[in-house]
Amino acid sequence: MKHNQVRQVVFPVITAMIWGTSFVAQSTSTEHVGAYTFNAARSFVGFLALLVVIQIFDAVNRKTLVIGGICCGFALALACNLQQLGMVAGAGAGKTSFITTLYVVLVPICGLFLKKKVSPAVWLSVLLGVAGLYCLCIKDDFTIAPSDLLVLLCAFGYTLHILVIDHFTQKVDGIKMSCIQFLTCAVISAVLMLIFEHPTWADISPCIGSILYVGVFSSGVAYTLQILAQKDSNPTIVALLLSLESVFGAVSGAIFLHETMTAKELIGCVLMLIAVVLAQ
């Protein structure tokens, strides 16, 4: 496997693994702080984590870099705040995971309007992926609550995020753009926090561990790997690989929380893996 192929396949899988294990941290934080507070903190931590290893303002492609980072940060702020608001409003982790990963369908549909061709094999992979996600995430009758509508809007936000990355990642350094996106997301979330929430240190301190884990790994590491993976790759296939976060979430729950996986969930995992292999 060539270097580019490794990057385009392995990076999204690692990203999905980190995201899948981050839902627990996000869910527990809703007991202590609001969505905007949590996302402002996690994004700022992600920004600082990347600043440790880079200097973001090089002379090369500075204007495009900053514009790309701000656009990615705006899309990310839209998506992650809608997702966290949905979870605060009562959306369950399983249903949140399923609805969020509907970007696997929305990305190729939106790509058609941007003249990005998708092969029949990839479309079949997308349909298998959605079927697998349903089996994996939906444990009861599927009904839409108001909180779920927020998560559905979040799926559109992540679709926008993937497409914006696809546009800019060909032109600038991915790590530096990721650093700027987190600063942008942190600023937007902080402004919303000051308007709608009034957090205190007593509220934040119980979820410091969750904020640090999600900030460093889910934000700083995983979202940066996503940007690096999308360079010179098909955004639909990357989206499909990223949707494996639901599989990793279920598996990590079985390993670390001793949760049992039903036959339906196992079928979902198999369908997801078949979809990913078919897409490749």
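FYI, it's all coordinate maths here, none of it is from the lab. From a predicted model like this one, the values you see are computed outputs, not experimental measurements. Here Cβ is always computed from backbone atoms with ideal geometry, including for glycine, and neighbour counts include all displayed protein chains.
Here the chain is treated with +1 on each Lys and Arg Cβ and -1 on each Asp and Glu Cβ, and its dipole about the Cα centre works out to around 960 debye.
Which distance in Å, rounded to a whole number, links the C-alpha centroids of segment 67-122 and segment 163-203? Measuring centre to centre over Cα atoms gives 16 Å. Result for the chain in a Gaussian network model with C-alpha springs under 10 Å: among LEU160, LEU124, LEU242, the largest mean-square fluctuation is at LEU124.
Computed from the alpha carbon positions, the gyration tensor of segment 131-261 leads to an equivalent ellipsoid with semi-axes of 25, 24, 17 Å, biggest first. Over the chain, with a Gaussian network built from C-alpha contacts below 10 Å, which listed residue (ILE255, ILE165, ILE138) shows the highest mean-square fluctuation? Maximum among the listed residues: ILE255. When peptides 32-42, 188-198 are sorted by average Cβ neighbour count within 10 Å, with the highest value leading, the order is 32-42, 188-198. Think of the chain as a dipole: +1 on every Lys or Arg Cβ, -1 on every Asp or Glu Cβ, centred on the Cα centre; then among PRO108, ALA16, SER243, PRO108 lies furthest on the positive end. Computed on the Cα trace of segment 75-195, the radius of gyration divided by the Kirkwood hydrodynamic radius gives Rg/Rh = 1.01.
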